[in-house]
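The values are calculated or read from the model by the stated rules, or taken from the named source; none is laboratory data. From a predicted model like this one, the values you see are computed outputs, not experimental measurements. Neighbour counts are summed over all protein chains in view; Cβ atoms, including those assigned to glycine, are modelled from backbone coordinates with ideal geometry. Ligands, DNA and RNA are excluded from the accessible area calculation, which covers all protein heavy atoms including side chains. Shrake-Rupley method; radii C 1.70, N 1.55, O 1.52, S 1.80 Å.
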Amino acid sequence: PPLSIIAAAKIAGIALPTQTSTSGPLTLSFSNGLELHGNYVILRYIGRVAAIRNFYGDDAFHAAQIDEWLEYAPTLLLGSEFENACSYMDIYMEKRTFFVSHSFSIADIAIWSGLAGAGQRWESLRKSSKYPNLVRWYNSVSAEYSDALNEVTALYVGKKGLGKQVAAKPKEQKSADGNSSDKVNLGSRPSSEIDLPYAELGKVRLRFAPEPSGYLHIGHSKAALLNQYFAQRYQGEVILRFDDTNPTKESNEFVENLIKDVETLGIKYQKITYTSDYFPKLMDMAEKLIKEGKAYVDDTPREQMQKERMDGIESKCRSNSVEENLKLWKEMIAGSERGLQCCLRGKLDMQDPNKSLRDPVYYRCNPVPHHRIGAKYKLYPTYDFACPFVDAEEGITHALRSSEYHDRNAQYYRIQEDMGMRKVHIYEFSRLNMVYTLLSKRKLLWFVQNGKVDGWDDPRFPTVQGIVRRGLKIEALIQFILE
């Protein structure tokens with residue numbers, strides 16, 4: 001029987017009229033008297049009419065690739081070529097989730113049907129470790145579409161005593177209210193409930209603020225999904241804000257793909273903002289702090305400044321007059337040779353045991369054009385200066401930050417206090433670390449720039465796009481983060 005056509009129709013929810021015939025090519029007859037002939041002609045037709053995204057490819061090239069695999073599929077039925085074909089496909093599937101592009105298609109159905117139709121010969125190989133990539137793909141397809149494929153194998157393969165049927169998909173457990181309990185819902189509460197201190201129902205406002213210097217990875221996903229979790233739980237809202245204060249690392253490509261990745265995760269944000277939207281206000285605030293004696297311009301070389309901060313030694317520029325600081329501030333704004341030697345520092349406490357309070361840098365010069373606003377500015381605020389200001393300005397009630405920033409919490413509150421702005425509560429969560437992979441955007445960028453991977457969506461990458469391309473379901477990622 002034409003397993004691929006039957007399986008495709010089952011998965012697509014298309015009812016096919018059947019009539020037993022002992023001779024002639026397979027025929028699909030329509031009520032208007034028209035007919036289509038041949039297995040793969042009919043399979044392509046189903047691929048075109050099915051309401052499944054990219055079932056017959058998302059463009060002409062991928063459709064042609066699907067055609068190639070449809071022509072190759074009959075090789076599996078040739079006894080002498082079966083294992084050679086399995087070996088070839090195993091190598092081909094090493095870094096792939098599907099046979100063509102990143103979507104399930106009729107090419108996958110054709111190959112799956114060829115293997116299933118081989119019966120015991122394929123089952124014996126499937127139980128071995130000989131073709132791990134091909135088996136991984138086969139098992140994934142079998143589990144994902146188990147309802148339809150189990151029915152096909154039971155009717156057309158099982159009767160021959162060939163192969164072992166895929167385990168039936170367990171039925172959904174019903175909760176007391178009659179709803180299915182195995183659905184992944186970010187709004188549902190995990191077994192260990194998480195509270196947000198000082199949160200009031202309907203008044204919570206959160207922000208997810210990635211830097212557009214790379215693609216979203218599994219570590220960022222934890223922050224994004226926690227923001228969504230609390231927003232749903234307290235009937236609040238999330239803002240998606242791009243922390244675009246370092247033009248050397250940032251680009252529009254990263255902005256566009258971060259938006260794509262956030263939407264892939266199902267994050268419902270109220271609006272998109274940019275730290276660069278607040279550059280004029282941030283500069284006004286910096287000048288205000290200079291005039292109040294709460295900030296000063298420093299031309300100490302970076303290495304010396306780092307050593308002085310470590311040792312608690314005050315900079316020689318710390319006692320400069322307001323007039324001198326404003327003069328150097330204007331040099332920084334102009335991006336002059338003198339200005340490029342300087343940075344703006346907060347005048348906090350150089351003897352504080354918490355080194356983050358030892359006069360942190362608020363502004364530094366950078367002549368590189370900004371990806372969004374061009375060459376308008378020659379200086380940019382640091383994250384430590386911009387974040388507490390923009391959080392307060394946007395009405396954020398709680399700033400979710402990973403515990404790696406714990407020592408900087410006191411700095412965050414002190415800067416807000418010096419600015420005279422409303423206090424924003426910080427909620428800490430543990431940073432997600434993983435073994436046998438990298439979560440540093442700087443290191444991931446090295447792999448991309450040096451051609452060691454296909455791109456940011458390489459299936460070996462811990463990026464959201466890499467994870468999806470590998471075949472992990474977003475629902476599984478959400479459940480993992482919540483647990």
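All but one of (1) outside the structural domain of His220 (by the TED database); (2) open to solvent by less than 60 Å² (accessible area, probe 1.4 Å); (3) at pLDDT 90 or above hold for Ser403; state the number of the condition that does not hold.
Only one criterion is unmet by Ser403, namely (3).
Would you list the helices (runs of 4 or more DSSP H) that sit entirely within segment 365-451 and hold 2 or more residues that are in contact with a Leu (Cβ under 7 Å, 6 or more places away or on another chain)?
Hits in segment 365-451: 383-393, 409-419.
Of all residues in segment 414-444, count the ones that are in contact (Cβ under 8 Å) with a residue 40 or more places away in the chain, open to solvent by less than 50 Å² (accessible area, probe 1.4 Å) and over 21 Å from Leu477 (Cα atoms).
4
Under 7 Å between Cβ atoms, at least 6 apart or on separate chains: pull out the pairs that start in segment 144-170 with a residue that is over 24 Å from Thr97 (Cβ atoms) and buried (at least 18 other Cβ atoms within 10 Å of the Cβ) and end on any residue that is modelled with pLDDT under 50 and of a type outside the set (Asp, Glu).
What qualifies is Val157/Gly163.
If you scan segment 293-321, which residues turn out to be exposed (fewer than 13 other Cβ atoms within 10 Å of the Cβ) and under 28 Å from Met421 (Cα atoms)?
Gly293, Ser319, Ser321
Inside segment 64-84, can you point out the residues that are modelled with pLDDT under 90 and touching a Leu at 6+ places or on another chain (Cβ under 9 Å)?
Residues satisfying the conditions are Leu76, Phe82, Glu83.
Answer with yes or no whether Tyr278 is among the aromatic types (Phe, Trp, Tyr) and either in contact with a Leu (Cβ under 7 Å, 6 or more places away or on another chain) or open to solvent by 30 Å² or more (accessible area, probe 1.4 Å) (or both).
So Tyr278 fits the description; yes.
I need the full set of residues from segment 340-371 which are surrounded by fewer than 17 Cβ atoms within 10 Å (Cβ to Cβ) and either within 21 Å of Lys327 (Cβ to Cβ) or under 31 Å from the mean Cα position of the chain (by Cα) (or both), in order please.
Within segment 340-371, Gln341, Pro367, Val368, Pro369 meet the criteria.
Taking the stated definitions as given, is Asp359 assigned to a loop (DSSP other than H, G, I, E, B) and modelled with pLDDT under 95?
no
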